[in-house]
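No value in this document is a laboratory result; all are computed from the given coordinates. Computed from a predicted structure; not experimentally measured. Ideal geometry is used to build each Cβ from the backbone, glycine not excepted, and the neighbour counts take in all protein chains shown.
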Amino acid sequence: MRSSASRAPAGFTLLELLVALMIIGLLSAFAAPRFFSQIGRSKAQITRAQIELFDKAVIQYRIDTGHYPSTEMGLPALLAAPFSEPVWLGPYLKTTTLPLDQWGGAYVYRVPGTGGREFDIISYGADGQPGGSGEDTDIGNWP
């Protein structure tokens with residue numbers, strides 16, 4: 001006969017598993033919102049950095065040609081010489097294609113800009129529409 005002291009444990013009980021799952025659920029309920037809000041902030045920071053690069057490239061384009069690209073030319077004028085531009089010294093960006101913002105939307109470029117600015121470069125955020133708050137906030141080349 002075997003004694004009960006020499007018997008190996010059979011595993012976890014259902015109650016122990018439920019308690020462990022409850023603890024994991026509580027931890028994820030507190031951690032997940034903080035994690036996902038950090039992702040949104042990171043996307044906004046990357047978009048701001050891209051807009052800053054576009055801003056510098058547009059200024060370099062103006063220095064070389066004497067004028068900003070027109071709204072019709074848009075940001076693609078930084079990658080390939082427009083037919084009507086004899087003094088183009090680009091490309092002004094290191095990429096071969098124009099990147100999209102972090103939410104998959106195209107950047108908006110317009111000349112003249114709003115609020116007295118010479119030009120605007122804008123990302124409309126997660127919703128792709130003007131205005132909004134949180135992740136839907138517009139990001140642009142303004143202070």
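Under a crude label model (7 Å from the Cα following the beta-carbon direction), how far is Glu118 from Phe83 in nanometres?
My value for the distance between the label points is 2.7 nm.
Would you mind calculating the relative contact order of the chain from Cα pairs under 8 angstrom and at least 6 residues apart, reporting the percent as a whole number? Please list the in-between numbers first.
On the way: 157 pairs, mean separation 26.0, N = 143.
This gives 18 percent for the chain.
With a 10 Å Cβ neighbour count serving as the proxy for reagent exposure, in which order, fewest first, do Arg34, Arg117 appear?
On the way: Arg34 8, Arg117 14.
Fewest to most other Cβ atoms nearby, the residues stand as Arg34, Arg117.
What distance in nm separates the simple spin-label points at His67 and Thr96, each placed 7 Å from Cα in the Cβ direction?
Using points 7 Å along Cα→Cβ, the separation is 3.1 nm.
What is the spin-label model distance, in nm, from Phe12 to Arg41 if the labels are put 7 Å beyond Cα along the C-beta direction?
Inter-label distance under the simple model: 3.3 nm.
Taking the Cβ of Ala126 as the center, what net charge do the other residues with Cβ under 14 Å away carry, scoring Lys and Arg +1 and Asp and Glu -1? Intermediate results must be reported in sequence, preceding the final value.
Numbers: positive: Arg41, Lys43; negative: Asp101, Asp127, Glu135, Asp136, Asp138.
In short, -3.
Amide H neighbours of Gly113 under 5 Å, at least 5 residues apart or on other chains, H built in the peptide plane: list them.
So Gly113 has HN proximity to Glu118, Phe119, Asp120.
What is the gain in length, in nm to one decimal, between Gln60 and Arg34 on full extension, counting 0.36 nm per residue of separation less the C-alpha to C-alpha distance?
5.4 nm
Provide the gained length on full extension for the span Glu52 to Thr137, in nm with one decimal, where the gain is 0.36 nm per separating residue minus the Cα-Cα distance.
Values: separation 85, 0.36 × 85 = 30.60 nm, distance 1.69 nm.
This chain segment gains 28.9 nm when fully extended.
Which angle from 0 to 90°, rounded to the nearest 10, does the C-alpha axis of helix 14-65 make with the longest principal axis of the chain?
It works out to around 10 degrees.
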